[in-house]
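The values are calculated or read from the model by the stated rules, or taken from the named source; none is laboratory data. The model shown is predicted, which means the values in this text are computed figures rather than measured ones. Every residue, glycine as well, gets a Cβ built from its backbone with ideal geometry; the counts of neighbours run over all protein chains shown.
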Amino acid sequence: MLPFESFTLANGLHIIIHKDKSTPMVAMNIIYKVGSRDESPDRTGFAHLFEHLMFGGSVHIPKYDEPLQKAGGENNAFTNNDYTNYYLTIPKNNIETAFWLESDRMLSLAFSEKSLDVQRQVVIEEFKQNYLNQPYGDVYLLLKPMAYQKHPYQWNTIGKDISHIEKAGMQEVKSFYQTFYNPDNAILSVAGDVETEEIIRLAEKWFGPIPPGKTIERNYPKEPLQTDLRELTVERKVPQSAIYMAWHMPERANRGFYKTDLISDVLSNGNSSRMYQNLIKKSKMFSDISAFVTGDLDSGLFIVTGKLLNGASKEDAEKLIFHEIEKICDQLIEEDELKKVNNKIEANLMFSRMSILSKAMNLAYFEMLGSASMINDEVAKYQKVSREDIMDKANEIFMETKPSILYYQAVNGNE
Amino acid sequence: MSKQLQINRSNIPPHGTPVHLVFEEPDKEILDNGLEVFLINAGTENVLRIDIVINAGSVFQEKKLTAASVGKLLKEGTRGYDSSEIATLIDYYGAYLDVSVTKDTSTITLYLLSKHLKYLIPVIGHMLMEATFPEEELRIHVDRQRQEYLINSEKVRYKAMLEFNKLVFGEGSAYGQVLELADFDMIERNDLAHFYKRHYQPSNAYLVVSGNINDEIVGLLNQHIGKTWQPGNSFEYQVPNKGMVGIRKKFIEKPDAMQSAIRIGRPIFSKKHPDYNKFLLLNTILGGYFGSRLMSNLREDKGFTYGVHSFVTNYKHAGFFSVSTEVKADSTEMALKEIMFELNRLQTEKVGKDELSRVKNYIYGTFLRTFDGPFALAERFKSAKNMGEGFLFYKKSLNEILKVTPEELLETAGSYFSPEEMITLVVGKVNNS
């Protein structure tokens, strides 16, 4: 049980407080409910570029980082399909500095041309470093548009194309900010050795005066059921061929998510899992194999990835993977297997509470899903899933719909 | 509006009373075989982390890949448990078992719920005493590692890391060993068995337990490790060969690279050197945090790179300093120039009061931050213990850092940043024609 208190300011800002007296640091986490799914198809990568701009100075504070460092703090941020997450840790005596900094950039940014110009270049270098100048770096740039034809998950957080980032203009930046960076579209969590009254006082003082935004209309196009098999083979100068398969699966808040997550655990969580034992250890046709779920707010993907070994062909790889998938559709998993994956879930939950920062992040995340209190129901939701549920869900996903398959063919390149 | 006018948004709010680093040294117990166990009782969750640290890092191996292969194969078979039995046991109890091998040490780490210790500790005992290194498992492991190596070799960052290590410590030294493709064909089961027998001994190891400590723990450890893990043939700990710098400039062309990986640096001292704390501060100012001079210059001002950092890397008997970045290919030359410019600036201009106090405060925050939670405490303790120190080391180190003056920094930069001492490595595109 993770205890917390929650409040909402008059302007709509949700606040979650968790007390942990064991550390001299305080963690603050802010989620803005905006991600790459909120971008228009000709300006992809914008939510992430914007995350960079949030460090380029706000209306009263020319540099975000300097005063934070002066107060012994450290921060970072990330953007994904659904939301943008900012976090910091700071010695507890300087907690007001965190409120001051975060409220000012929620109030208004400085919108400096120089910052936009530089951050465009920085993000382009990030694009190259992580997606283009890396072996297998472009896999999701290829796979997502195969799996999604309607829904905005078809592009990656970094964007479809470098040119979208190059073209981002100041007017668009301002209007994006006005739409999404408002207290009623944000969740603030604080964890550490703090007093509730003090946190509420500080929140009222610094965030209270910020006006709410206009209601955001969210109408994401629904991705139709995939009934056709989609395949793509690309040739790349990499040492090893690889296969990537993606099926559609339920959204994060759906009960079906838990069933699907357990399927991926049975297949590939840990060295005793089915795919590790059968595909890596026994068949020796893979050097790596993994099955995982994306956990997006809208319908996400169940992904299987494998790197091929010992001359295994695409057909061999598919056959071995499909064999494991069919087994889970045809036969109930063992009682012990279900117990094992549930034990892992329970342990992981405890391990995820080892620092104030991860507690603050998790609380804000669950508040976004619906309510912070859901964090305490997670284990029970997994434990409710039966062996029959897993078999039914597997049949629904793997038998009633078709996957997208990307085959990454290794070709020799000259160094 | 009126409410907004009452608060001053332009100035940083006043700081409260500083909090201090306070922690007790861990309790120490000694098992029947003389093995030291350090107990760090902290945290709110009923979990444990057990670290078994053995002086069996790669510097002690006679053939490359030996130490790492021994570490990874410990869980692939022992007398009494085969590979899949170990995996099933660990997974069934929701535990994590990891073996990490660095230059100096091999560490077996187990994360588990406290209530499961009695089910899991016997297998850990077996791994320490009765690993069998099955031929078949070794082959699977080597095949997978070879592929990982080949993939990593495509990354300029990885290539630069290996090459730089070779430049700093020189080829042929224990610390300068660098993996090559042919090494994967040379490693044999006998190498592993020999290394294991020689180095995996209680007199060459210690144990750290962190988390929710209860009365049962020491008894269980003693039963499954203390009473059974007996010393083998005695051997003397020898200080490994640190090597020396040969070449100072190296450019490795990768014609299709979109970015170049740059490393600039030099060998330095280990943590116990009197200049260590001053150098740590200097390094932070240069490239050790997000607001550093290198980050401000190369990223925030010029947009050459997604990130640039400088590091102080310490081993037990050696260390090096390095600046590390990947930059836009056509800005390689400019980036090299700007890095040298920042190194020079620290040797010629005193660091301003404002910047110095900001960096000191940042370091103070970092010290507090790295002690957050029981597992973090274990990490910090091991790092100190490997040099023969305890938690007190950090308190002393922080106090010294907070006292360093601009004059001392200038002097330290002068002693360690001179251009002729620097090693420069570029992997990628070099427009030096």
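Please return the ranges of helices (runs of 4 or more DSSP H) entirely within the stretch A:55-144 where 3 or more residues are more than 7 Å from chain B (Cβ to nearest Cβ).
Counting at least 3 such residues, we get A:95-107, A:113-127.
Quick check on this structure: which one of B:413, B:378 is farther than 24 Å from residue A:74 by Cα and either more than 14 Å from every other protein chain (Cβ to nearest Cβ) or at pLDDT 90 or above (or both)?
One residue alone meets the criteria, B:413.
Got a sec? Which of B:192, B:120 is surrounded by 20 or more Cβ atoms within 10 Å (Cβ to Cβ) and either within 14 Å of another protein chain (Cβ to nearest Cβ) or acidic (Asp, Glu) (or both)? Steps first, answer last, please.
Values: B:192 fails: either within 14 Å of another protein chain (Cβ to nearest Cβ) or acidic (Asp, Glu) (or both).
One residue alone meets the criteria, B:120.
Please go through the stretch B:342-354 and give me each residue that is in contact (Cβ under 8 Å) with a residue 24 or more places away in the chain and facing chain A (nearest Cβ under 9 Å), ordered by number.
If the condition is that a residue be in contact (Cβ under 8 Å) with a residue 24 or more places away in the chain and facing chain A (nearest Cβ under 9 Å), then no residue fits.
What about residue B:296, is it more than 8 Å from chain A (Cβ to nearest Cβ) and over 30 Å from residue B:177 (Cα atoms)?
Answer is yes for this residue.
Taking residue B:133 as the residue in question, decide whether it is within 26 Å of the chain's Cα centre (by Cα) and either buried (at least 18 other Cβ atoms within 10 Å of the Cβ) or under 30 Å from residue B:38 (Cβ atoms) (or both). Full working, then the answer.
Values: within 26 Å of the chain's Cα centre (by Cα): no; either buried (at least 18 other Cβ atoms within 10 Å of the Cβ) or under 30 Å from residue B:38 (Cβ atoms) (or both): yes.
No; evaluated as a whole, the condition is false for this residue.
Okay, residues lined up against (1) assigned by TED's automatic domain parsing to the domain that holds residue B:140; (2) without any contact (Cβ under 8 Å) to a residue 60 or more places away in the chain; (3) within 30 Å of residue B:172 (Cα to Cα); (4) of a type in the set (S, T, N, Q):
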| residue | (1), (2), (3), (4) |
| --- | --- |
| B:6 | no, yes, no, yes |
| B:12 | no, yes, no, no |
| B:36 | yes, no, no, no |
| B:41 | yes, no, no, yes |
| B:60 | yes, no, yes, no |
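Where in the stretch B:7-104 are there strands (runs of 3 or more DSSP E), lying wholly inside it, with at least 2 residues that are hydroxyl-bearing (Ser, Thr, Tyr)? I'd like the intermediate steps shown before the answer.
Working: elements: B:27-30, B:36-41, B:47-54, B:96-101.
Once the strands (runs of 3 or more DSSP E) in the stretch B:7-104 are filtered for at least 2 residues that are hydroxyl-bearing (Ser, Thr, Tyr), what remains is B:96-101.
Taking the stretch B:392-417, which residues are among the hydroxyl-bearing types (Ser, Thr, Tyr), within 26 Å of residue B:250 (Cβ to Cβ) and out of contact with any strand residue (DSSP E or B) (no Cβ under 9 Å at 6 or more places or on another chain)?
Of everything in the stretch B:392-417, just one residue is among the hydroxyl-bearing types (Ser, Thr, Tyr), within 26 Å of residue B:250 (Cβ to Cβ) and out of contact with any strand residue (DSSP E or B) (no Cβ under 9 Å at 6 or more places or on another chain), namely B:415.
For (1) surrounded by fewer than 21 Cβ atoms within 10 Å (Cβ to Cβ); (2) among the acidic types (Asp, Glu); (3) more than 21 Å from the chain's Cα centre (by Cα); (4) at pLDDT 95 or above, each residue gets a yes or a no:
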site	(1), (2), (3), (4)
A:349	yes, no, no, no
A:352	yes, no, no, no
A:358	yes, no, no, no
A:363	no, no, no, yes
A:381	yes, no, no, yes
A:391	yes, no, yes, yes
A:405	no, no, yes, yes
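Taking residue A:41, is it surrounded by fewer than 20 Cβ atoms within 10 Å (Cβ to Cβ), within 11 Å of another protein chain (Cβ to nearest Cβ) and farther than 20 Å from residue A:185 by Cβ?
No, not satisfied.
Starting from residues that are surrounded by fewer than 19 Cβ atoms within 10 Å (Cβ to Cβ) and more than 13 Å from chain A (Cβ to nearest Cβ), keep the ones in the stretch B:301-315 and report whichever is farthest from residue B:332 (Cα to Cα).
B:313
For the stretch B:391-431, enumerate the residues that are among the basic types (Lys, Arg), within 24 Å of the chain's Cα centre (by Cα) and either farther than 28 Å from residue B:371 by Cα or surrounded by fewer than 14 Cβ atoms within 10 Å (Cβ to Cβ) (or both).
Just the residues of the stretch B:391-431 that are among the basic types (Lys, Arg), to begin with: B:395-396, B:403, B:429.
Applying the additional criterion that residues be within 24 Å of the chain's Cα centre (by Cα) yields B:395-396.
Within the stretch B:391-431, B:396 is the sole residue that qualifies.
Yes/no matrix, rows are residues, columns are (1) under 17 Å from the mean Cα position of the chain (by Cα); (2) on the phi > 0 side of the Ramachandran plot; (3) touching a residue at least 24 places away in the same chain (Cβ under 8 Å):
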{"residue": "B:261", "(1), (2), (3)": "no, no, yes"}
{"residue": "B:264", "(1), (2), (3)": "no, no, yes"}
{"residue": "B:269", "(1), (2), (3)": "yes, no, yes"}
{"residue": "B:275", "(1), (2), (3)": "no, no, yes"}
{"residue": "B:290", "(1), (2), (3)": "no, no, no"}
{"residue": "B:316", "(1), (2), (3)": "yes, no, yes"}
{"residue": "B:320", "(1), (2), (3)": "yes, no, yes"}
{"residue": "B:326", "(1), (2), (3)": "no, no, yes"}
{"residue": "B:356", "(1), (2), (3)": "no, no, yes"}
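For the stretch A:309-340: of the residues being farther than 26 Å from residue A:405 by Cβ and aliphatic (A, V, I, L, M), which is nearest to the chain's Cα centre (by Cα)?
Only one residue tops the list, namely A:338.
Counting just the residues of the stretch B:328-341 that are within 14 Å of chain A (Cβ to nearest Cβ) and surrounded by 21 or more Cβ atoms within 10 Å (Cβ to Cβ), which one comes out farthest from residue B:209 (Cα to Cα)?
Quick first cut of the stretch B:328-341, residues within 14 Å of chain A (Cβ to nearest Cβ) only: B:328-332, B:334-335.
Retained after the next criterion (residues that are surrounded by 21 or more Cβ atoms within 10 Å (Cβ to Cβ)): B:328, B:331-332, B:335.
Details: B:328: 45, B:331: 48, B:332: 47, B:335: 45 Å.
Applying the filter and picking the extreme gives B:331.
So residue A:356 ticks every box in (1) touching a helix residue (DSSP H, G or I) at 6+ places or on another chain (Cβ under 9 Å); (2) within 14 Å of another protein chain (Cβ to nearest Cβ) but one. Which box is left unticked?
Failed condition: (1).
Return the residues of the stretch B:145-177 that are without any contact (Cβ under 8 Å) to a residue 24 or more places away in the chain, farther than 14 Å from residue B:427 by Cα and of a type in the set (A, V, I, L, M); say none if nothing qualifies.
Residue satisfying the conditions is B:151 alone.
Considering every residue within the stretch B:210-218, establish whether at least one is farther than 17 Å from residue B:31 by Cβ and out of contact with any helix residue (DSSP H, G or I) (no Cβ under 9 Å at 6 or more places or on another chain).
no
So for the stretch B:208-225 (the condition being more than 14 Å from every other protein chain (Cβ to nearest Cβ), in contact with a Gly (Cβ under 6 Å, 6 or more places away or on another chain) and farther than 30 Å from residue B:411 by Cα), does at least one residue qualify?
Yes, the conditions are met somewhere in the stretch B:208-225.
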